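The next block holds one structure in the form of structure tokens; read it before the comments.
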Amino acid sequence: RCLLKMVKGNIIVPEDILSFCCNGLQGSTSPRRAREPGEREEAPGAMASPSAARNPTEVQMSQLVLPCHTNHRGELSTGQLLKWIDTAACLSAERHAGCPCVTASMDDIYFEHTISVGQVVNIKAKVNRAFNSSMEVGIQVSYEDLCSGKHCSICKAYATFVAQGPLGSKVRLKPLTPQTEEEKIEYSIAAERRRMRLVHKDTLKDLLTSSPQETELETRDGSGAVPAERTRVESVELVLPPHANHQGNTFGGQIMAWMENVATIAASRLCHAHPTLRAIEMFHFRGPSQVGDRLVLKAIVNNAFKNSMEVGVSAEAYGQEMSVSRRHINSAFMTFVVLDQEGHPRTLPMVAPEPGDGERRYREASARKKIRLDRKYVVSCKQTEVPLSVPWDQSNKVYLSYNNVSALKMLVAKANWVLAREKEKVRMYTLEEDKFLSFRIEMCVCIPASRAFSLLSNLRRRHEWDSHYVSAELVQKVDDDDMIYHVVSQKLRNENKLQDFVILASRRKPCSKGDPYVVAFRSVTLPTHPARAEFTRGETLCSGFCIWPESEEMSKVAYYNQAMPGYLTYVTTNVAGLSSDICSTFEACEKFLLKNKEDLISRLQD
């Protein structure tokens, strides 16, 4: 009705239409309509919210699913959903950058439910963090049933966008300042997700190199296997102006939609049924395509597992002249299932790969499945759902490190810390939530932050200031930032054996100005160090140090520990003694830092 009134009044402009389509956009000059008699205000929890409380980069999009958006089952096409996701995310990125932006990559997307015709898709996108010329945009997708009022989450995605200036030059982005607790958590963890993206390819190579036995061809009866070549699909698309953004480049979401289309055809040729897309693995756009390009899309089933299959799909671009070599635009891996009438996954036929590249893709698909499950298990779970001691191996080392650091950063960003005790320079805070009681102890020390970071990240020296530590042995150096230690500590009350831990220590230097140095600890399981009779095996969920530079010679050192549920009984009966013990230990830590700072100065002078 608003739009019709504006048309009748001949005052409609493009910005007005955009503000109606994406109600996250602010600053529109379109007139506001007074509420008519009997009309209800928007219900709490609806997507629209007061602009004063909204993140300035937040964009909200609501789309009614029409028959033209759906497949043969009357469900929203995943390709159409990907286009809407990319559009909303791009608008959010451009809000922050103030200039055109292009999609650089998209993290794993897991689709939890399908959406039917007549339902509403609600998409919310906002910039989590801006780096030099790229930024991470977080996207939340849900659906709304207008008849029942039911709301349900569909997926959560993270996209990376790059800001572009004239002639495609990179633009340096202004920093983003998070305001709410949720925004601070996303801002802090965005640096870890960025690090994980950069090493994504290396993870697959490491698994294939170090554990080839885990990715060998299946040996079960393959007499009924379908040759992979039968599933091959090739299709060409001409990029027209409606397929391009306001810069003339093909929409990233449009490319993803075309890729999903050919991948679905390949999957259908294996199972002779209509498959459902369940997940898209992390992928990167390697280059742009423009209006007038021809996009060649290829897909083939790489491997079929019991209830799911992986389809590999690629996109290449070329101009009018066939003599010019094709440009590789993108490659992606999509996981499909075939559902029966009750919604349960059906058993799929095996795939017979072709010799050479086909067998390589087959093995890589098996490796990706393991990595994908590890990533979903460790990264996507809530902190309370991840087991204390996750088995460590080559396939999940990146994701355990991510979980280790992000858990500590989430704890640091929490609000509602309560000052429990203050003794001279040492302050102790507590935070109670659900089943956990967390501690934060902080002080300022006259030492450069980088030096304190180096000293506190070495667990082999912890016994020099922490009386609870007996010894710490370096078991494995994973890389320069991650080490695994076997730690022996003092006996617990009413115990006659020493306690031991297998701990992953992850270190991170600041990603940008204002970030702390981070040293995070969590328990892991190693087959070389099982629980032994002479020790009581202990576990730590989340602990570590954050060190902020206050000046060149002064640092704020904070230690965090999320206490286990079994530890709470001891805490409630010994609060006074516990706080005194913690403060004394931290005072010893200060002396250790100052002593080693002076030793370093003496050695430099000598």
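Tell me, which residue of segment 56-72 that is among the polar types (S, T, N, Q) and assigned to a strand (DSSP E or B) is nearest to residue 138 (Cα to Cα)?
First, the residues of segment 56-72 that are among the polar types (S, T, N, Q): 57, 60, 62-63, 70-71.
Those still in the list that are assigned to a strand (DSSP E or B) too: 60, 62-63, 70.
Numbers: 60: 12, 62: 16, 63: 19, 70: 25 Å.
Here the residue is 60.
Would you check if there is a residue in segment 391-399 being surrounded by fewer than 20 Cβ atoms within 10 Å (Cβ to Cβ), at pLDDT below 90 and touching a strand residue (DSSP E or B) at 6+ places or on another chain (Cβ under 8 Å)?
Yes - at least one qualifying residue is present in segment 391-399.
I'm trying to understand the selection: among the residues of segment 247-289, which are of a type in the set (Ser, Thr, Tyr) and either in a helix (DSSP H, G or I) or open to solvent by 50 Å² or more (accessible area, probe 1.4 Å) (or both)?
264, 268
Taking into account only those residues within segment 306-333 that are under 21 Å from residue 225 (Cβ atoms) and out of contact with any Phe, Trp or Tyr (no Cβ under 9 Å at 6 or more places or on another chain), which is most open to solvent (accessible area, probe 1.4 Å)?
306
So which residues in segment 400-432 are over 16 Å from residue 520 (Cβ atoms), open to solvent by 50 Å² or more (accessible area, probe 1.4 Å) and not in a loop (DSSP other than H, G, I, E, B), if there are any at all?
Matches in segment 400-432: 418, 419, 420, 421, 422, 423, 427, 432.
Can you confirm whether segment 404-417 contains a residue that is modelled with pLDDT under 90 and of a type in the set (Ser, Thr, Tyr)?
Among the residues of segment 404-417, not one is modelled with pLDDT under 90 and of a type in the set (Ser, Thr, Tyr), which makes the answer no.
When segment 135-152 is examined, which residues are found to be touching a Cys at 6+ places or on another chain (Cβ under 9 Å) and not β-branched (Val, Ile, Thr)?
Residues satisfying the conditions are 135, 140, 142, 143, 144, 145.
Looking at segment 492-516 only, could you name the residues that are modelled with pLDDT under 90 and under 30 Å from residue 173 (Cα atoms)?
511, 512, 513, 514
Listed residues 128, 132; which is farther than 25 Å from residue 337 by Cβ and at pLDDT 95 or above?
Going through 128, 132 in turn, the sole match is 128.
How many residues does segment 238-288 hold that are among the charged types (D, E, K, R) and over 19 Å from residue 86 (Cα atoms)?
1
Sort out which residues of segment 218-246 are at pLDDT below 85 and surrounded by 13 or more Cβ atoms within 10 Å (Cβ to Cβ), and write them in order of number.
Within segment 218-246, 218, 222, 245 meet the criteria.
Search segment 502-518 for residues being crowded, with 22+ Cβ neighbours inside 10 Å and either assigned to a loop (DSSP other than H, G, I, E, B) or of a type outside the set (D, E, K, R) (or both), and hand back the single one that is farthest from the chain's Cα centre (by Cα).
502
So is residue 471 open to solvent by 30 Å² or more (accessible area, probe 1.4 Å), assigned to a strand (DSSP E or B), hydroxyl-bearing (Ser, Thr, Tyr) and in contact with a strand residue (DSSP E or B) (Cβ under 8 Å, 6 or more places away or on another chain) or not?
yes
Would you call residue 442 at pLDDT below 90 and over 30 Å from residue 209 (Cβ atoms)? Spell out how you get there, then give the answer.
Values: at pLDDT below 90: no; over 30 Å from residue 209 (Cβ atoms): yes.
Answer is no for this residue.
Could you pull out the residue among 539, 442 that is in a loop (DSSP other than H, G, I, E, B) and either of a type in the set (Val, Ile, Thr) or closer than 26 Å to residue 414 by Cβ (or both)?
Result: 539 is the single residue among 539, 442 that is in a loop (DSSP other than H, G, I, E, B) and either of a type in the set (Val, Ile, Thr) or closer than 26 Å to residue 414 by Cβ (or both).
This table checks each residue for (1) more than 18 Å from residue 188 (Cβ to Cβ); (2) open to solvent by less than 30 Å² (accessible area, probe 1.4 Å); (3) among the small types (Gly, Ala, Ser).
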site: 496; (1), (2), (3): yes, no, no
site: 520; (1), (2), (3): no, yes, yes
site: 524; (1), (2), (3): yes, yes, no
site: 529; (1), (2), (3): yes, no, no
site: 543; (1), (2), (3): no, yes, yes
site: 551; (1), (2), (3): yes, no, yes
site: 563; (1), (2), (3): yes, yes, yes
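The values are calculated or read from the model by the stated rules, or taken from the named source; none is laboratory data. For clarity, every value in this text was computed on a predicted model and none was experimentally measured. Heads up, the Cβs are rebuilt from the backbone with ideal geometry, glycines too, and the neighbour counts pull from every protein chain shown. Note: areas computed on protein heavy atoms with side chains; ligands, DNA, RNA excluded. Shrake-Rupley method; radii C 1.70, N 1.55, O 1.52, S 1.80 Å.
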